[in-house]
Each structure stands twice: as C-alpha cells, then as structure tokens.
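Written below as structure tokens is the structure these notes are about.
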Amino acid sequence: VGTAVPIPPSVRVRDALNNPVAGVSVTFAVASGGGSVTGATQTTNADWIATVGRWTLGTALGPNTLTATSAGLTGSPLTFTATATAGTATQIAIQAGSSQSAPVGTALPIAPSVRVRDAQGNPVPGISVTFAVASGGGNVTGATQTTSADGIATVGSWTLGTALGANTLTATSAGLT
C-alpha cells in the first residue's frame, strides 16, 4: 500500500497494419483504489511506447486499477491492475480482553488479543507476538502467537495470580510501537 509499482505501466500504439506509431498522446489515470500517477500524459516514443512516470497504489488493501486512454484508438482505454498488500508492520494495539476482572487463580473469560497494523492502519498478517505476565503472578498458555489475516494475535489463555490486586500482561513484537 502507498508505494509505487515496481514496473511503470506502458502501452504500445500501432496502426492498422501493425506498424509502430510515434507521437501519439496517451493519458494514464487512476481508476480505482486511490493512489496517484506522475507523468500522467505521455507521448509514444520512436519505439511506439508511452510509459507512465510512476503509479503509486492507494493506502487501502485490495485491488487498484489504472487506465491508459488515447482518443480514437481501438482498445482504448486499457486497464492495468495491481493489488495493494499490507506494508511493513509498524504498530501494535490492544484489540480485546483489557480491563477484565476475575477471581484470583482463574483464567480470564476473554483471552487478550492485539492487532498489528502498518503505517496506513492496515492489518498485517504473519507477525510474531509474545505475551508475558508482567505483574501479579499467574501464567499464560500459548504465549507466542502469529497474527491472522486480520492482523490479530490472541494469547491462548491468561490465568491470574493468587493474590488480590492488579495483574498485567504485556504483548510485544520486535520493532513495533
């Protein structure tokens, strides 16, 4: 998400006899998914190719499309497709299971979970998260979890310590704020 595709889209223009045609104006435009283009209007070169300057995908996950249009040409507009995937994980936040109460020495009814996101707020799958008891005693099962497709990692269970009072659990993943 939010990055340029590695190969800028380009089109070739030919006449009815399949000969290259230089000097034809082609306009590239984002059709879906957000994002942007630079060098949106290009002219075919001596090799009959017009290439967009740069196509940057939108910030949401999913399909993005770009059109290349040249007035009066058969096949115009052409549509390029790309899929925006999650960026690098940058943040971790509580998803569920905070601020619960339960009798000492028992497991909490809702297993704590966190969500990992990229800089654009999109969920990031496949990230390792480690849960650990920070205070109050007790224990966790399934302390190391991997985020699901929706960026969520959930501890197996959290059993509180045997003394009355606050218990805390941490969830960490290297390099995340």
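Kindly provide the set of residues from the stretch 4-13 that are under 17 Å from Ser70 (Cα atoms) and surrounded by 15 or more Cβ atoms within 10 Å (Cβ to Cβ), ordered by number.
Keep residues of the stretch 4-13 that are under 17 Å from Ser70 (Cα atoms), which gives 9-13.
Result: Pro9, Ser10, Val11, Val13.
Tally time: how many residues in the stretch 31-79 are more than 30 Å from Ala149 (Cβ to Cβ) and either of a type in the set (A, V, I, L, M, F, W, C) or in contact (Cβ under 8 Å) with a residue 60 or more places away in the chain (or both)?
So the answer is 10.
Got a number for residues in the stretch 26-56 being modelled with pLDDT under 95 and aromatic (Phe, Trp, Tyr)?
So the count comes out to 1.
For Val140, indicate whether it is in contact with a Gly (Cβ under 8 Å, 6 or more places away or on another chain), farther than 27 Å from Thr59 by Cβ, assigned to a strand (DSSP E or B) and open to solvent by less than 50 Å² (accessible area, probe 1.4 Å). It would help to see each step written out before you state the result.
Values: in contact with a Gly (Cβ under 8 Å, 6 or more places away or on another chain): yes; farther than 27 Å from Thr59 by Cβ: yes; assigned to a strand (DSSP E or B): yes; open to solvent by less than 50 Å² (accessible area, probe 1.4 Å): yes.
The answer is yes for Val140.
Any chance the stretch 150-158 includes a residue that's part of a loop (DSSP other than H, G, I, E, B) and without any contact (Cβ under 8 Å) to a residue 12 or more places away in the chain?
If we filter the stretch 150-158 for residues that are part of a loop (DSSP other than H, G, I, E, B), which is where we start, we get 150-151, 155-156.
Narrowing the set further to residues that are without any contact (Cβ under 8 Å) to a residue 12 or more places away in the chain leaves none.
No, the conditions are met nowhere in the stretch 150-158.
In the stretch 99-115, how many residues are closer than 16 Å to Ala143 by Cα and either of a type in the set (Gly, Ala, Ser) or in contact with a Leu (Cβ under 9 Å, 6 or more places away or on another chain) (or both)? Quick ask: steps written out before the conclusion?
Residues of the stretch 99-115 closer than 16 Å to Ala143 by Cα: 107-108, 110-115.
Filter again for either of a type in the set (Gly, Ala, Ser) or in contact with a Leu (Cβ under 9 Å, 6 or more places away or on another chain) (or both), leaving 107-108, 111-113.
Of the residues in the stretch 99-115, 5 are closer than 16 Å to Ala143 by Cα and either of a type in the set (Gly, Ala, Ser) or in contact with a Leu (Cβ under 9 Å, 6 or more places away or on another chain) (or both).
If you take just the strands (runs of 3 or more DSSP E) that sit entirely in the stretch 57-97, which of them hold at least 1 residues that are more than 13 Å from Pro123 (Cβ to Cβ), open to solvent by 70 Å² or more (accessible area, probe 1.4 Å) and among the aliphatic types (A, V, I, L, M)? Before the answer, list the steps.
Numbers: elements: 62-69, 78-84, 89-96.
Strands (runs of 3 or more DSSP E) meeting the threshold: 78-84, 89-96.
What number of residues within the stretch 34-56 are open to solvent by less than 40 Å² (accessible area, probe 1.4 Å) and assigned to a loop (DSSP other than H, G, I, E, B)?
Adding up the residues that qualify gives 5.
Can you work out which of the residues in the stretch 110-137 that are among the β-branched types (Val, Ile, Thr) and part of a strand (DSSP E or B) is farthest from Leu176 (Cα to Cα)? Write out each step before concluding.
Applying the first criterion (among the β-branched types (Val, Ile, Thr)) to the stretch 110-137 yields 110, 114, 116, 124, 127, 129-130, 133.
Add one more test, that the residue is part of a strand (DSSP E or B), and what stays is 114, 116, 129-130, 133.
Numbers: Val114: 12, Val116: 8, Val129: 10, Thr130: 12, Val133: 19 Å.
Checked the stretch 110-137; the qualifying residue farthest from Leu176 (Cα to Cα) is Val133.
Looking for whichever is in contact with a strand residue (DSSP E or B) (Cβ under 7 Å, 6 or more places away or on another chain), open to solvent by 30 Å² or more (accessible area, probe 1.4 Å), without any contact (Cβ under 8 Å) to a residue 60 or more places away in the chain and within 18 Å of Gly105 (Cα to Cα) here; the options are Ala132, Ala163. Which one fits?
Numbers: Ala163 fails: in contact with a strand residue (DSSP E or B) (Cβ under 7 Å, 6 or more places away or on another chain).
Being in contact with a strand residue (DSSP E or B) (Cβ under 7 Å, 6 or more places away or on another chain), open to solvent by 30 Å² or more (accessible area, probe 1.4 Å), without any contact (Cβ under 8 Å) to a residue 60 or more places away in the chain and within 18 Å of Gly105 (Cα to Cα) holds for just one of Ala132, Ala163, which is Ala132.
The values are calculated or read from the model by the stated rules, or taken from the named source; none is laboratory data. For clarity, every value in this text was computed on a predicted model and none was experimentally measured. All Cβ positions, even for glycine, are placed from backbone atoms using ideal geometry, and neighbour counts span all protein chains on display. What goes into the accessible areas is simple: the full protein's heavy atoms, side chains included, and nothing from ligands, DNA or RNA. Shrake-Rupley method; radii C 1.70, N 1.55, O 1.52, S 1.80 Å.
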